[in-house]
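S.K.: One structure, as structure tokens, below. Some questions next.
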Amino acid sequence: MNRRELLDLYYLEARAKLIDVAAFLDRLDRAEGEPDFRLAAFKQALGEVQNEKVPRAERVLACLSDPTVDPIPVATTKAACGAWPGK
Amino acid sequence: MRYIEPHAHMVSRVTNDYQDMVLAGCAAVCEPAFWAGFDRSSADGFYDYFCQLTEHEPRRAAKFGLPHFCWLCINPKESEDVKLASDVISIIPKFLEKQNVLGIGEIGLNKNSRNEIKVLEMHVDLAARHDQLILVHTPHLEDKLKGTRLILDVLRADSRIKPGRCLIDHVEEHTVKMVLDGGFWGGMTLYPETKCTAARAVDMIELYSAERLWMNSACDWGVSVPLAIPLAALELRRRGHSAEAIDRLIYQNPKRFLSQSPKFKLIEATI
Ligand SMILES: [Zn+2]
């Protein structure tokens with residue numbers, strides 16, 4: 001598909017998601033609270049979205065991933081939260 | 001349209017889902033053993049679950065003319081307890097004789113801990129000793145990249161394991177290349193929020209050779225979509241893929257991988 005066809009197919013959906021992200025950040029700004037590693041990772045990933053080089057999706061996922069290589073000593077939770085706490 | 005659902009947790013779904021899947025063209029469903037949403041307290045709990053997967057659930061599917069297959073293991077979320085895991089692994093061999101068991105899965109990692117890796121190695125050894133196919137769950141979200149690397153290391157370290165007989169599931173843009181480059185099969189999971197959308201799955205299909213890729217819904221007790229594969233087929237059509245290419249991806253590819261088990265047989269009938 002050419003760029004025009006892909007825009008016809010996905011533009012409105014991507015536009016809606018973009019506005020959702022902006023509103024999400026506004027909502028966080030209106031709220032009180034401590035700095036949070038998830039928001040920091042999210043903003044770093046947004047920078048990768050702006051970077052014109054491909055592959056953006058892969059780089060965004062890397063920003064939101066644990067960059068270490070060694071197994072952790074023990075699993076103390078089953079859950080994942082979508083960003084690396086850096087501990 | 002015909003398709004194979006290679007990863008669905010039907011024990012958590014209502015019977016109407018079977019009906020909807022068959023109406024949408026589902027020709028077979030495969031169910032990996034997984035976490036129930038709570039920890040089972042003993043190996044006996046897994047014994048009952050394996051009976052459910054090998055006896056009860058196939059009967060439920062058969063009411064709709066749908067062949068049901070399964071994979072057995074103790075899942076990575078319950079692998080921190082190595083003693084429990086080893087007790088569970090010891091009861092698996094007798095279930096491997098059951099007619100609908102395709103292999104060992106979904107094994108893998110969850111939080112990438114040392115014990116999880118130990119239990120993964122035990123499962124890989126079990127699969128090698130019994131010449132079973134392997135279905136691997138890769139971790140969620142921030143743990144996926146590291147976990148996928150660790151899993152591939154474990155599989156490569158065992159010389160008895162052939163990559164072409166291992167499916168690495170839940171790949172995304174940052175893991176799909178290393179999986180395919182290693183000669184493994186990759187599964188793209190169409191699951192809301194935490195995994196992959198249909199549009200992104202189609203991107204990966206267009207970027208990489210789709211020879212060793214399949215799609216699945218991984219529908220379970222969470223908010224998930226049992227018809228995610230037929231919906232992704234619509235996405236493929238919107239993106240200009242031919243009917244033949246779609247059939248290759250959602251029917252022939254899973255059939256090719258799963259047919260490496262002599263137990264995988266389809267009822268060749270059209271709806
Ligand atoms: Zn699963």
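S.K.: Output the residues belonging to the range A:47-63 that are in a loop (DSSP other than H, G, I, E, B) and farther than 16 Å from B:Val176 by Cβ.
M.R.: Step one: filter the range A:47-63 for residues in a loop (DSSP other than H, G, I, E, B), giving A:51-55.
Result: A:Asn51, A:Glu52, A:Lys53.
S.K.: B:Leu120 - would you say it is over 25 Å from A:Pro71 (Cβ atoms) and surrounded by 18 or more Cβ atoms within 10 Å (Cβ to Cβ)?
M.R.: So B:Leu120 fails the test.
S.K.: In addition: Are any of the residues in the range B:207-219 more than 16 Å from the ligand (Cβ to nearest atom), free of Cβ contacts under 8 Å to residues at least 60 places away in the same chain and under 25 Å from B:Lys77 (Cβ atoms)?
M.R.: Start the filter on the range B:207-219 by keeping residues that are more than 16 Å from the ligand (Cβ to nearest atom), which leaves B:207-213.
Okay, now just the ones that are also free of Cβ contacts under 8 Å to residues at least 60 places away in the same chain, so B:207-213.
Pick out the ones that are also under 25 Å from B:Lys77 (Cβ atoms) and you get none.
Looking through the range B:207-219, none of the residues is more than 16 Å from the ligand (Cβ to nearest atom), free of Cβ contacts under 8 Å to residues at least 60 places away in the same chain and under 25 Å from B:Lys77 (Cβ atoms).
S.K.: Can you list the helices (runs of 4 or more DSSP H) lying wholly within the range B:214-265 that have 3 or more residues being within 18 Å of the chain's Cα centre (by Cα)?
M.R.: Numbers: elements: B:228-238, B:243-247, B:253-258.
Counting at least 3 such residues, we get B:228-238, B:253-258.
S.K.: Still on this structure: Examine the range B:233-251 for a residue that is over 19 Å from B:Asp20 (Cβ atoms) and acidic (Asp, Glu), and state whether such a residue exists.
M.R.: Yes: one or more hits.
S.K.: Kindly list the number of the only condition in (1) within 30 Å of B:Arg149 (Cα to Cα); (2) within 13 Å of chain B (Cβ to nearest Cβ) that fails for A:Tyr11.
M.R.: (1)
S.K.: Then there is this: Return yes when B:Leu155 is more than 9 Å from chain A (Cβ to nearest Cβ), closer than 20 Å to B:Glu211 by Cβ and either aliphatic (A, V, I, L, M) or within 17 Å of the chain's Cα centre (by Cα) (or both) and no when it is not. First the steps, then the outcome.
M.R.: Working: more than 9 Å from chain A (Cβ to nearest Cβ): yes; closer than 20 Å to B:Glu211 by Cβ: yes; either aliphatic (A, V, I, L, M) or within 17 Å of the chain's Cα centre (by Cα) (or both): yes.
Against the criterion (more than 9 Å from chain A (Cβ to nearest Cβ), closer than 20 Å to B:Glu211 by Cβ and either aliphatic (A, V, I, L, M) or within 17 Å of the chain's Cα centre (by Cα) (or both)), B:Leu155 qualifies.
S.K.: Only one of B:Pro226, B:Pro254 is away from chain A (no Cβ under 14 Å), within 16 Å of the ligand (Cβ to nearest atom) and touching a Cys at 6+ places or on another chain (Cβ under 6 Å); which? Can you show your working first?
M.R.: Working: B:Pro254 fails: touching a Cys at 6+ places or on another chain (Cβ under 6 Å).
Exactly one of B:Pro226, B:Pro254 is away from chain A (no Cβ under 14 Å), within 16 Å of the ligand (Cβ to nearest atom) and touching a Cys at 6+ places or on another chain (Cβ under 6 Å), namely B:Pro226.
S.K.: Among B:Ala28, B:Ala8, B:Ala36, which is of a type outside the set (Val, Ile, Thr) and either away from the ligand (no atom under 16 Å from the Cβ) or modelled with pLDDT under 95 (or both)?
M.R.: Just one listed residue meets the conditions, B:Ala28.
S.K.: For B:Leu180, are the conditions met, namely being under 27 Å from B:Phe38 (Cβ atoms), away from the ligand (no atom under 16 Å from the Cβ) and assigned to a helix (DSSP H, G or I)? Explain how you work it out, then say what you get.
M.R.: Numbers: under 27 Å from B:Phe38 (Cβ atoms): no; away from the ligand (no atom under 16 Å from the Cβ): yes; assigned to a helix (DSSP H, G or I): yes.
Answer is no for this residue.
S.K.: Residues of the range B:188-206 being away from the ligand (no atom under 16 Å from the Cβ) and facing another protein chain (nearest Cβ under 9 Å), which ones?
M.R.: B:Ala199, B:Arg200, B:Asp203 - these are the residues of the range B:188-206 that are away from the ligand (no atom under 16 Å from the Cβ) and facing another protein chain (nearest Cβ under 9 Å).
Results for (1) assigned to a loop (DSSP other than H, G, I, E, B); (2) modelled with pLDDT of 95 or more; (3) of a type in the set (Phe, Trp, Tyr), shown as yes or no for each residue.
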residue	(1), (2), (3)
A:Tyr11	no, yes, yes
A:Lys17	no, yes, no
A:Ala23	no, yes, no
A:Arg27	no, yes, no
A:Thr68	yes, yes, no
A:Cys81	yes, yes, no
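S.K.: Collect the residues in the range B:207-223 that are more than 14 Å from every other protein chain (Cβ to nearest Cβ) and more than 23 Å from B:Arg13 (Cα to Cα), keeping them in residue-number order.
M.R.: If the condition is that a residue be more than 14 Å from every other protein chain (Cβ to nearest Cβ) and more than 23 Å from B:Arg13 (Cα to Cα), then B:Ser209, B:Ala210, B:Glu211, B:Arg212, B:Leu213 are the ones that fit.
S.K.: Restricting attention to the range A:53-62, which residues are within 18 Å of B:Met178 (Cα to Cα) and more than 8 Å from every other protein chain (Cβ to nearest Cβ)?
M.R.: Selection gives A:Val54, A:Arg56, A:Arg59, A:Val60.
S.K.: Okay, next question. Given the condition within 14 Å of chain A (Cβ to nearest Cβ), of a type in the set (A, V, I, L, M) and away from the ligand (no atom under 16 Å from the Cβ), answer yes or no: does some residue in the range B:85-101 qualify?
M.R.: Taking the range B:85-101 as the starting set, the residues that turn out to be within 14 Å of chain A (Cβ to nearest Cβ) are B:85.
Remaining after also requiring of a type in the set (A, V, I, L, M): B:85.
Still in the list and also away from the ligand (no atom under 16 Å from the Cβ): B:85.
Yes, the range B:85-101 contains a residue that is within 14 Å of chain A (Cβ to nearest Cβ), of a type in the set (A, V, I, L, M) and away from the ligand (no atom under 16 Å from the Cβ).
S.K.: Please enumerate the residues belonging to the range A:48-87 that are among the hydrophobic types (A, V, I, L, M, F, W, C) and either in the same structural domain as A:Ala14 (by TED's automatic domain parsing) or more than 19 Å from B:Cys196 (Cα to Cα) (or both).
M.R.: Taking the range A:48-87 first, the residues among the hydrophobic types (A, V, I, L, M, F, W, C) are A:49, A:54, A:57, A:60-64, A:69, A:72, A:74-75, A:79-81, A:83-84.
Passing the criteria: A:Val69, A:Ile72, A:Val74, A:Ala75, A:Trp84.
S.K.: Further question on the same structure: Find all pairs meeting these conditions: Cβ atoms under 9 angstrom apart; at least six residues apart or on different chains; first residue within the range A:68-87 and more than 7 Å from chain B (Cβ to nearest Cβ); second residue in a strand (DSSP E or B).
M.R.: Sorted first by the residue in the range A:68-87, then by its partner, the pairs are A:Thr76/B:Ser113.
S.K.: List every residue pair whose Cβ atoms lie under 7 Å apart, where the two residues are 6 or more positions apart in sequence or sit on different chains, the first residue falls within the range B:115-140 and is within 14 Å of chain A (Cβ to nearest Cβ), and the second residue, located anywhere, is hydroxyl-bearing (Ser, Thr, Tyr).
M.R.: If the second residue must be hydroxyl-bearing (Ser, Thr, Tyr), the pairs left are B:Asn115/B:Ser79; B:Glu116/B:Ser79; B:Val119/B:Ser79; B:Thr138/B:Thr148; B:Thr138/B:Thr175; B:His140/B:Thr194.
The values are calculated or read from the model by the stated rules, or taken from the named source; none is laboratory data. Since we're looking at a predicted model, the values are computed, not measured. Glycine gets a Cβ as well: all are built from the backbone with ideal geometry, and neighbour counts include every protein chain shown.
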